[in-house]
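Novice: The structure's right below; bear with me while I get my questions together.
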Amino acid sequence: MLEVLKILSDEVRLKIVYLLSENELCVCELMEALEMNQSRISNHLRILRDTGIIKSKREGKWIFYYLSKDTMDKAIWDIIQSIVEKIDEERYLIREKNVIEKLVPLRGTPGHCPLSPVKERV
């Protein structure tokens, strides 16, 4: 449990967990919402996946990430829910949440990313 708490102490990973609390998302959607490059997002996703906080599924050539609610320890899930609620209360990630809310409906068929390649961001 201590390892999971250490992983959740990173601001970027908290943002990712928050955004995944409402939607399954692909890397390009997270890149757009968080204004970060692909390698940085992918590294954080790998860390979250390796600890069992998130899972991934492939649809065509796209990989979508989601919170692993069904296999997560209840205590960890309760902590994540508390974090998500606090972020909502403080309206901390409004811009990012709005970006995701605009992107998700743009998805075409399953496995089709709505975004054209995004220029590299720092």
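Novice: Restricting the search to segment 48-59, which residues are surrounded by 15 or more Cβ atoms within 10 Å (Cβ to Cβ), part of a strand (DSSP E or B) and not hydrophobic (A, V, I, L, M, F, W, C)?
Specialist: If the condition is that a residue be surrounded by 15 or more Cβ atoms within 10 Å (Cβ to Cβ), part of a strand (DSSP E or B) and not hydrophobic (A, V, I, L, M, F, W, C), then Lys55, Ser56, Glu59 are the ones that fit.
Novice: Still on this structure, I have one more. Can you go through Leu45, Leu5 and tell me which one is part of a helix (DSSP H, G or I), out of contact with any helix residue (DSSP H, G or I) (no Cβ under 6 Å at 6 or more places or on another chain) and either within 13 Å of Leu67 (Cα to Cα) or of a type in the set (D, E, K, R) (or both)?
Specialist: Leu45
Novice: Considering each residue of segment 51-72, count those that are charged (D, E, K, R) and either modelled with pLDDT of 95 or more or within 9 Å of the chain's Cα centre (by Cα) (or both), and give that number.
Specialist: 1
Novice: Next up: Applying the selection to segment 60-87, what residues are surrounded by 14 or more Cβ atoms within 10 Å (Cβ to Cβ), in contact (Cβ under 8 Å) with a residue 24 or more places away in the chain and either out of contact with any Asp or Glu (no Cβ under 8 Å at 6 or more places or on another chain) or assigned to a loop (DSSP other than H, G, I, E, B) (or both)?
Specialist: Selection gives Trp62, Ile63, Leu67, Ile76, Ile79, Ile80, Ile83, Val84, Ile87.
Novice: What pairs come out if I take residues in segment 4-17 that are over 13 Å from Ile76 (Cα atoms) and pair them with residues that are of a type outside the set (A, V, I, L, M, F, W, C) and in a helix (DSSP H, G or I) whose C-beta lies under 7 Å away, six or more apart or interchain?
Specialist: So the pair list comes out as Val12/His44; Arg13/His44; Lys15/Glu96; Ile16/His44.
The values are calculated or read from the model by the stated rules, or taken from the named source; none is laboratory data. On a predicted model such as this, the values are computed, not experimentally measured, just so you know. Using ideal geometry, Cβ is built from the backbone for each residue, glycine included, and neighbour counts are taken over all protein chains shown.
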